[in-house]
Each structure stands twice: as C-alpha cells, then as structure tokens.
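Participant: Quick one: structure below, then a few questions.
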Amino acid sequence: MDERLEPFHTKMQKSLNNLEEEFASIRAGRANPHVLDKLKVDYYGTPTPIQSVANVSVPEPRMIQIQPWEKAMVKEIERAIMVSDLGINPTNDGTVIRLVFPELTEERRKDLAKDIKKKGEQAKVAIRNIRRDANDSFKKLSKEDISKDEIKGLEDEAQKMTDKYIGQVDKAVDTKTKEILTV
C-alpha cells in the first residue's frame, strides 16, 4: 500500500472499530458485560470504569452480577447504573449488585434494529468523508511533481479502500441486526 494512503486507511479502520464498540454496548436480550463499558463510577474522586473496581460476571444468560472489591462502592456503582441509559434497575443485597435483563419486546427489537442501521449509516458517512479528505490531499499533490495518472491511481486505491470498509460496515450491521431480531 502506498504510504500516502496509510493515514486514511488507519482512520477508516478506527471508524469501523468505533462502530463495533458501539454495537457491543447494545444489548440483545441476553446479558452482555460490555453494556457497562461506558459507565464510570466515582472512585475516590476519579471517574473509573466499573470493571476496574468490581468483578463483573454473567451467572445466568439474562443476568449480570457485579461484586465490588470494596463494600463502599456498592452505592456508587448502583448510582452510576441508575443515571445511565441502560434502562435497568439494579438490585443489591449489600455486597453484590444484580442486573436482570428483561426479555426484549418485538417493538424494542425493531427500535434497536433501526438504531443499528442509523449507527451503520453514520459510520459509512465518516468513511466517505475520509475518502473525500484523501482525494483532496491527492489533488494538492498535483502542485508538486506528480502526474495526473499517479493521482488518478491514488484516488482509485482510496475508492477501493472505501468500498472495502463500507462492505465491512454493512456486514457488521447485518450481523448485529440478526442478533437483535432473533428471539
């Protein structure tokens, strides 16, 4: 691969990785500890991921169990879950917090599928914007000692790269949509 394409390849890969991280935090009717990834708790004045202050496990298909290493963290973790957009009320017995995931309704599944498609479209737009930036940078090269054929070749490579990443986004969207819609 041409070194002039490398930074744009890296940006497209980051866009795809970001989409996959967002998909990991969308729950699909079964417990997935990744829904807690974006939540932070106040640990002695520092926003800290829940996984750094507690043991997170999935004892049953629709339950996440959070066992803080310090008893004082139970209330902090519970508060972080309550103010988040998870939509699940935590229960605790003083030492362990449990999140029970209800079965998704058909309407909720369809809403999640729409949300997944929307996130996929946003990722595609980001990738296309990266291609546009790449093409703009190649046009600026024309002021230097580069032939039009070479610039055309770079633009073709950028387009192939864009097509590849958009295909991967479509595949990720299809996979996650099937996962959500499967009862």
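Participant: For Met63, which of the numbered conditions (1) hydrophobic (A, V, I, L, M, F, W, C); (2) surrounded by 19 or more Cβ atoms within 10 Å (Cβ to Cβ); (3) without any contact (Cβ under 8 Å) to a residue 40 or more places away in the chain fails to hold?
Facilitator: The failed condition is (2).
Rundown of residues vs (1) of a type outside the set (Phe, Trp, Tyr); (2) open to solvent by 50 Å² or more (accessible area, probe 1.4 Å); (3) modelled with pLDDT under 95; (4) within 14 Å of Met12 (Cβ to Cβ), yes/no style:
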{"position": "Asp136", "(1), (2), (3), (4)": "yes, yes, yes, no"}
{"position": "Asp145", "(1), (2), (3), (4)": "yes, yes, yes, no"}
{"position": "Lys160", "(1), (2), (3), (4)": "yes, yes, yes, yes"}
{"position": "Tyr165", "(1), (2), (3), (4)": "no, no, yes, yes"}
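Participant: Could I ask something else about it? Name the single residue, out of those in region 1-18 being modelled with pLDDT of 90 or more and in contact with a helix residue (DSSP H, G or I) (Cβ under 8 Å, 6 or more places away or on another chain), that is farthest from Asp156 (Cα to Cα).
Facilitator: Asn18
Participant: Just give me the residues in region 89-109 being part of a helix (DSSP H, G or I) and surrounded by fewer than 14 Cβ atoms within 10 Å (Cβ to Cβ), in sequence order. Can you show your working first?
Facilitator: Initial filter on region 89-109 (part of a helix (DSSP H, G or I)): 106-109.
Glu106, Glu107 - these are the residues of region 89-109 that are part of a helix (DSSP H, G or I) and surrounded by fewer than 14 Cβ atoms within 10 Å (Cβ to Cβ).
Participant: When region 1-25 is examined, which residues are found to be more than 30 Å from Ile146 (Cβ to Cβ) and assigned to a helix (DSSP H, G or I)? If you could, list the steps in order and put the result at the bottom.
Facilitator: Residues of region 1-25 more than 30 Å from Ile146 (Cβ to Cβ): 17-25.
Hits for region 1-25 are Asn17, Asn18, Leu19, Glu20, Glu21, Glu22, Phe23, Ala24.
Participant: Among residues belonging to region 35-56 that are in a strand (DSSP E or B) and closer than 17 Å to Asn89 by Cα, point out the one that is most open to solvent (accessible area, probe 1.4 Å).
Facilitator: Lys40
Participant: Identify the single condition in (1) assigned to a helix (DSSP H, G or I); (2) among the charged types (D, E, K, R); (3) under 30 Å from Val35 (Cβ atoms) that Asp133 does not satisfy, given that it satisfies every other one.
Facilitator: (3) is the only condition that Asp133 fails.
The values are calculated or read from the model by the stated rules, or taken from the named source; none is laboratory data. Worth saying up front: this structure is predicted, and the values here are computed from it rather than measured. Heads up, the Cβs are rebuilt from the backbone with ideal geometry, glycines too, and the neighbour counts pull from every protein chain shown. Accessible surface areas use protein heavy atoms only, side chains included; no ligands, DNA or RNA. Shrake-Rupley method; radii C 1.70, N 1.55, O 1.52, S 1.80 Å.
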